[in-house]
Structures are given as structure tokens and as C-alpha cells.
1. How many residues are under 18 Å from B:Asp250 (Cα atoms) and loosely packed, with under 15 Cβ neighbours inside 10 Å when one looks only at region A:157-174?
2. Counting just the residues of region A:201-235 that are in contact (Cβ under 8 Å) with a residue 40 or more places away in the chain and either charged (D, E, K, R) or assigned to a loop (DSSP other than H, G, I, E, B) (or both), which one comes out farthest from the other protein chains (Cβ to nearest Cβ)?
3. So which residues in region B:229-251 are closer than 16 Å to A:Leu208 by Cβ and open to solvent by 60 Å² or more (accessible area, probe 1.4 Å)?
4. Which residues, counting only those in region A:120-156, are assigned to a helix (DSSP H, G or I) and surrounded by fewer than 17 Cβ atoms within 10 Å (Cβ to Cβ)?
5. When A:Ser159 is evaluated against the numbered criteria (1) within 13 Å of chain B (Cβ to nearest Cβ); (2) not in a helix (DSSP H, G or I), which criterion, by number, is the only one it fails?
6. Output the number of the condition that B:Asn20 fails; it satisfies all remaining conditions of (1) at pLDDT 85 or above; (2) over 27 Å from the mean Cα position of the chain (by Cα); (3) farther than 24 Å from B:Val132 by Cβ.
7. Among all residue pairs at least 6 apart or on different chains, which show Cβ distances below 7 Å where the first residue, located in region A:133-147, is facing another protein chain (nearest Cβ under 7 Å) and the second is polar (S, T, N, Q) and surrounded by 17 or more Cβ atoms within 10 Å (Cβ to Cβ)?
8. In region A:236-282, which residue that is outside any helix (DSSP H, G or I) and at the interface with chain B (Cβ under 10 Å from one of its Cβ atoms) is farthest from A:Ala198 (Cα to Cα)?
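The values are calculated or read from the model by the stated rules, or taken from the named source; none is laboratory data. It should be emphasised that the depicted structure is a prediction, and the values quoted were computed from it without experimental measurement. Quick reminder, even Gly has a Cβ in these numbers, built from the backbone with ideal geometry, and neighbours come from all protein chains shown. Just the protein is used for accessible areas: all its heavy atoms, side chains included, with ligands, DNA and RNA removed. Shrake-Rupley method; radii C 1.70, N 1.55, O 1.52, S 1.80 Å.
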Amino acid sequence: MSSSLELLAEIRQSSERRPFAVLKLAEPLLNTSGVSRAGDDAWLVYEQVFVSAIDEGQIELAKAVLVILRTRFPSSQRVKRLYGMINEAVGHPDEAKTIYKEMLETDETNVLASKRLIALLKAYGHIGETVKQLVAYLDIHNNDFEAWLELSNLYLTQSLYPQAAFCMEEVILQQPANHYFHLCYAEISYSMGNFDLALKEYLRVVELSTDNVRGFYGIKLVADRIRDVRAKPKRDQNARIDDAPQPATLDRLSQLATERLVAAYNSANDTCKKTAEEWLKA
Amino acid sequence: MSGLAESTEQVMFLDPAIRNWVLFPITVIMVLVGVFRHQLTILMTGEPPKPDIRDIRQAKALIRGQILAQSNSYIPLASFNERKKFLCSAFEEGVYLKNKNAKDQSPVNLMADPKNMEVMMDGMKKQMMGIVPQTLIMGWIQFFFSGFILIKLPFPLGLRFKQMLQSGIMTPNMDVKWVSSLSWYFINLFGLRGVFSLILGGENSADGIRDMTAMGSMGAMGQQSGQPQDYNKLFMAMKDNLSIVYHEWDLANIEQRVFVKYGKQSRVFTSAAK
């Protein structure tokens, strides 16, 4: 019993989304009312079970848990948000929206409600409205880098590369040591045509995370592309290569990338290795 | 009793009744009072005031400026300049200020803001909770337990302490190591912190030391933390800060750093050509 509770607590800590595991762990607890043994944590367990239940589509279980939570916390905003979520789950977006808007009217600063509203709009495909709400949220809470990430992704779905790049820059300002964010920024820059910036950012990725294969692919592609653009400048009007390094450096970089990629694929299985080598030779 | 006290230790035998009826009771009473204070403080502490959304926005805008100034080397020059220009003009015009009209006025009168009043009252209540029991116990000890020696300290002290620690007993020769019950009170005051954190958990309001520091800095602190921060001034300061930031892009010589990292080059050349 107590080990299930511990496992559930661990899953809560790591904020992983594992509905099946949670339900499997929690089912015996709920049936034998072992949840009460968790003491104060019991309500956290109930909330966790609720979210997993609606993830798995077990609406009846979710409703039962919700009733328990409502009896204990009758006027809680946190429980109200769960009502909103279950409405979303069964396909009543308007009710959910009303609930979230009510929550925001009572308390403007409620982050849970703002985020759920944005998630609701995104789930139903109203991208324009989502972006507007997210921008309003970020106007106040501009240190929420996950929100900036979300906004960047939204812009990318609409192929608005400059805006997406701006959002990634905000993320990088707050998390400068995370190589993944630099990678996203590099790829956005590459897609926009800022090859000089893309090259630098790919190099940064490779500096922060040794032998990062995506990084090295990026370096090779960009280095080759810069060489092409230099050879035939008229073909690509959008390309920005003013700050790009000298051809000699480019060659060295391309070589380094090839070398590291070969080393990385050495330990892969044969088909992978062969395909990579073919591509690298070309 | 103390005739031979020049070179050897003074040896005195104390009545065991002193130990039973003074030493233990003082400690027990202090522990009980501490626990009582802790529970009372929990009852009396009101909920912290809910921040207004415009306050949050103000505070976070300032943080944004700070982050930009701090991490400016991780984004390219153009992006930095863009943000610098935007933030500086925003700070100048007071876009993020809570109430723009108050920008040019002097800071609001402290008393007028009802929310601030609650916070101040809470703070004062907490301080009263700390001071009153201490004073009471000290007076009680002075009244009941003065005029005799209670314990012998294991470490020597200077002569000046004699007056404070042996307050009821006028003897010129007695070693300062022998002290009265008031000093036992002080020892308990500092020592029971560990006991309280065991009984009451980490954050407890039964801490004697915290009260003493609070008493000491009451004058200075009260003024400073109570006054609502003048965000306009803070924004102006941040704007000046940002305008003098020298942007040096971290990725300027990254090619070299990568070559060094992967063993293609032995070290970074600072002024090498690209």
C-alpha cells in the first residue's frame, strides 16, 4: 500500500504524464480506501487520479473522484478547474470556457485558469484566439519560459518564423545553458534563411552537448549551403550570410561534422550506418 | 569559601534542591511558553495579502529588465538592441506602471493604503508576540530566582560579565564562572532553538533569537519594507542600467571553441581572423 503511495508521489514530483500507471497503482487503493492512509497527501492523490482518469477516458471514475474532492473543498478554485477539465473531456467546450472565464473574473491572477483557457482554445483549433490569449498572459507573466516555448510552437504551426525566433530568444534569455533551446533556435534561423546565425547556434549546440548528432547535421548542411550561396548569390535572395566565417573555416567545420557523424554512427546498426555514409559522401 | 581562589579552581557545592527547583523548572517553563507562542502565532497570523495583477506585472517587468541585462551575451546583437529599445521606451513611458497617473506624484502616503495597513498590523502583532513573553519571563526570574548561584559555566568570561550574570550577589572575589539564574535564562534562550525545531518543525515562531534581531532592527526595517516600492524610480534606474550594457556576443568565436573542444586546435586565438 505505502509503496504505491510512494510511487504515486514520485510520479507527481516528476510531473510525468502516465495515466495508465497511475490508474493501475491507484485502483487497489481506491477500492480498499487505502488512500486515507496518505493523510494530507490523499487529496493530491485524488487530483492525480482524476487527471489520469480523464486522460484514459474513464469518465465515471473521474466523476466519482470529483465528488469526493468537492465535498472536502466546496469553494476551491483548484477543484473548479477540475470541473472545467472534465467538461473539456466529455466534449462541452462552452461550459468549460464559461467556468474558466468565471474563475478569471473572481481572480484575475489565477494562472491555472488562464492556462486551461489557452489549452482549451488550442485543442479546438482556434489558433488566432489562442495566440492572443497567450500573448496577454505573457504580457504579465513574462518569466514563464514554458509559455514562451508554447507560443513559439504556435507560431511555427503557422510558419511565422520571425515571431517564433523572437519567442525562442526569450526562452534562451531565461535558460541560456539548455542546448535544446539553442537547437530549436538554430533550426528556425536555418528555415528563415539566416545561415550565419544558424551556423553559430548549431555550433553552440555542439559545444553544450558533445556529439549532438542533430547539431552536427545542422553544421554540415549550413556550411554547405553557405558555400553554395556564395557561389551563386542571385539564386537565394533571402539568405543572410554576412557574418559567416571564411571558406577555409567552413571547410574545416564541415569536415569536423562529417568526422563526428561517422564516429557517432559507428555504433549504430548496419543499415543506419550505410545510409549515413552514403549521405555524407554526397 | 573563596579564600584560596587565587590559583586553583573555586570549588563550591550547591544544594541539589537548587537544581530540582530552579534549573529544570526554568527550562520547562521556557519550552512550554515557546510552544504556546508558536500555536498562538499560527492562530493570529492572517492570510498573506493577495497580489494585485498590476503589481505582478510591474514586478515581472522589472525582472525582465534584469534578465536582459544579465544574459545579454547569449542572444545576437540585433535581438538585444531590439529588446533594449523596447524596454527602455516602455520604462520611460511607464507602460508597466501600476497607475500611470501617479508617475509624477510623490509616493503614496503609507497609511492611506488599506492593504498595507493589514500587513503592518500583522508584523507588529508578531513582534508583540515575541517581546511580551520574553519580558515576562525575565521579570519572573528576577523576582523569584535572584540572590543565589545556579550553575557554573565551563568556559571563562571577562570580569565585565560579572555584573550582569551575578546580578543579585555582591562578592568581589567570586569567579565569573559561577552565574545566577538570569544567565541560565539566556543560555536557554539561545539553546532551545534546536529543541523547538525538533518539536515544532523547521519554521517556528518560538525562536528567541529571531525576536531579538527583530527588536534591534525594528526602527530601520519598519520604514524600509513598509514603504511601497517606487517603481517609477526603479524603472528609470533599470533603463539607465540597460543603456550602458556593453553587448558582447558569446558566440563570436564559437568556431574556435568548437575546434578546441573536439581536439582540432590546441587553444582559442583571441584575435584570429574568422
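1. Total meeting the criteria: 0.
2. A:Lys220
3. Hits for region B:229-251: nothing passes.
4. So in region A:120-156, the residues assigned to a helix (DSSP H, G or I) come out as A:120-123, A:127-140, A:145-156.
The answer is A:Ala123, A:Ile127, A:Gly128, A:Glu129, A:Lys132, A:Val135, A:Ala136, A:Asp139, A:Glu146, A:Asn153.
5. Checking A:Ser159 against (1) within 13 Å of chain B (Cβ to nearest Cβ); (2) not in a helix (DSSP H, G or I), the one that fails is (1).
6. (1)
7. Final answer for the pair search is A:Asn143/A:Gln174.
8. A:Gln246
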